[in-house]
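> Before I ask anything, here is the structure I am working with.
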Amino acid sequence: MTLDFLKRKTGVIVGDDVINLFKYAHQKGFAIPAVNVTSSSTAVAALQAARDNNSPIILQTSNGGAAFFAGKGVSNENQAASIAGAVAAAHYIRSIAPTYGIPVIMHSDHCARRLLPWFDGMLKADEEYFAKHGEPLFSSHMLDLSAENDDYNISTCAKYFKRMAKMDQWLEMEIGITGGEEDGVNNESAEKDALYTSSETVFSVYKALSPISPNFSIAAAFGNVHGVYKPGNVVLRPELLGEHQKYAKKQLGTSEDKPLFLVFHGGSGSTNDEYRKAISLGIVKVNIDTDTQWAYLTGVRDYVLKYQAYLAHQVGNPEGDDLPNKKYYDPRRWVREGEKTMYNRIDELLGIFSTKGQLGN
């Protein structure tokens, strides 16, 4: 691998390496899939797919996914389980990622206003890690205050970003609403106009955050919806992303055609053409949680259906009443089948996003 712009070429990357990787994505015209991880199993499925395709990857924990990582038996009062699970996931991924030989961005997903104590807990862990190691535990975090008014959203992001900038940490923020429902945040009844962010609003984010640090990206709504819906129910307008870039270029008086780092939320179920159009206009990260959830299930489901007669009892199957079935119900068998089908879907998306092979030889 000959990525001279990365100081750390394998494992979890931070600081300048993150922005340089996103600049490289702009230059080469690709985006990095962001995979929500809820367990070591989902993490290694994503890592293997990225490694085998010589691609970078983003692994992220949602609030609910982090609580699941900690264990459903742990109380989430005051966000304790979500904080502990996110921190545990970050430490696990930091320890295992170098084994796969690729750069990994460790990220936290949507954090709404009511979940800010979770964000505070993760930042505390970042600062403690920074004090010992000179870098934050997480590469980046996302604040999703899009359900609030724009002034509160932008000013709160700026407040947190000042704290994060001391560690050279990346911030992803959302302006405009992503429809649908994910992880307890329900925007299914959102007004359609709220699903499309104006260029002026996007640039107001840039004006507020850029004096603090260049390490930020904007998830601007262009009709995005979490989940997968029937064709015609979701109207994406990726051309708006191009308008945002042109507006920012004009305001900044820059020669750069893509001065903004943009993020595609609610990507699952989009057409290949929609993906490619959005990426050509400056999308550097695409969230694919719904796709990978379904993909993981299909492997487990198909295994259970195929070996149903071997999973009904500990002893006794179609080959003999006294034969043991341990090798069939061993979790390593059926969990691995979920990893394989999740791997396959990520493999497909790496191709669609033009991420395959971008790490060189």
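> What whole number of Å gives the distance from the Cα centroid of segment 73-147 to the Cα centroid of segment 233-266?
For segment 233-266 versus segment 73-147, the Cα centre distance is 28 Å.
> Keeping all protein chains in the complex and leaving out DNA, RNA and ligands, what accessible area do you get for E319 with a 1.4 Å probe, in Å² to the nearest 10?
120 Å²
> Under 12 Å from the Cβ of A50, count the other residues' Cβ atoms, weight Lys and Arg +1, Asp and Glu -1, and hand me the total.
Value of the local net charge: 0.
> Counting only DSSP beta bridges with both residues in the chain, tell me the antiparallel percent, nearest 5.
Of all bridge pairs located within the chain, approximately 15 percent are antiparallel.
> Taking R0 as 30 Å, what's the FRET efficiency between R113 and H91 from their Cβ-Cβ distance, rounded to 0.05?
The pair R113/H91 has a calculated efficiency of 0.65.
> At 1.4 Å probe radius, can you tell me the per residue accessible area of the chain in Å²?
Ligands and nucleic acids excluded, the result is 44 Å² per residue.
> Under a Cβ-Cβ cut-off of 13 Å, what is the net charge of the residues other than G15 that fall near it, where Lys and Arg count +1 and Asp and Glu count -1? Don't skip to the answer; put the middle values down first.
Numbers: positive: K7, R8, K166; negative: D16, D17, D126, E135, D168.
Here the charged neighbours net out to -2.
> Please compute one quarter of the surface area of the Cα convex hull for segment 235-296 and express it in square nanometres.
Quarter of the Cα hull surface area: 4.3 nm².
> May I pose another question? Answer rounded, prolate or oblate for segment 1-120, using the Cα gyration tensor with square roots of eigenvalues a ≥ b ≥ c: rounded when a/c is under 1.5, else prolate when a/b is larger than b/c, else oblate. Provide the component values of the computation, followed by the final result.
Values: a/c = 2.41, a/b = 1.78, b/c = 1.36.
The shape class here is prolate.
> Quick one: what Rg and Dmax do you get for segment 266-361 from the alpha carbons, in Å?
Answer for segment 266-361, Rg first and Dmax second: 19.0, 62 Å.
> Ignoring ligands, DNA and RNA, what percent of the accessible area of the chain is carbon or sulfur (1.4 Å)?
Exposed carbon and sulfur together represent 50 percent of the surface.
> Follow-up. Determine the sum of side-chain charges near M173: Lys and Arg each +1, Asp and Glu each -1, restricted to other residues whose C-beta is under 15 angstrom from that of M173. Can you show the working numbers first?
Details: positive: R113, K159, K162, R163, K207, K285; negative: D109, D144, E148, D150, D151, E172, E174.
Taking every Cβ under 15 Å from that of M173, the sum is -1.
> Assuming a ≥ b ≥ c are the square roots of the Cα gyration tensor eigenvalues, decide whether segment 11-291 counts as rounded (a/c under 1.5), prolate (otherwise, with a/b larger than b/c) or oblate.
Rounded, since a/c falls under 1.5.
The values are calculated or read from the model by the stated rules, or taken from the named source; none is laboratory data. Here the structure is a predicted model, which means the values were calculated and not measured. Note that each Cβ is placed from the backbone with ideal geometry, even for glycine, and that neighbours are counted across all protein chains shown. Ligands, DNA and RNA are stripped out before the accessible areas are found, and what is left, the full protein with its side chains, is counted by its heavy atoms. Shrake-Rupley method; radii C 1.70, N 1.55, O 1.52, S 1.80 Å.
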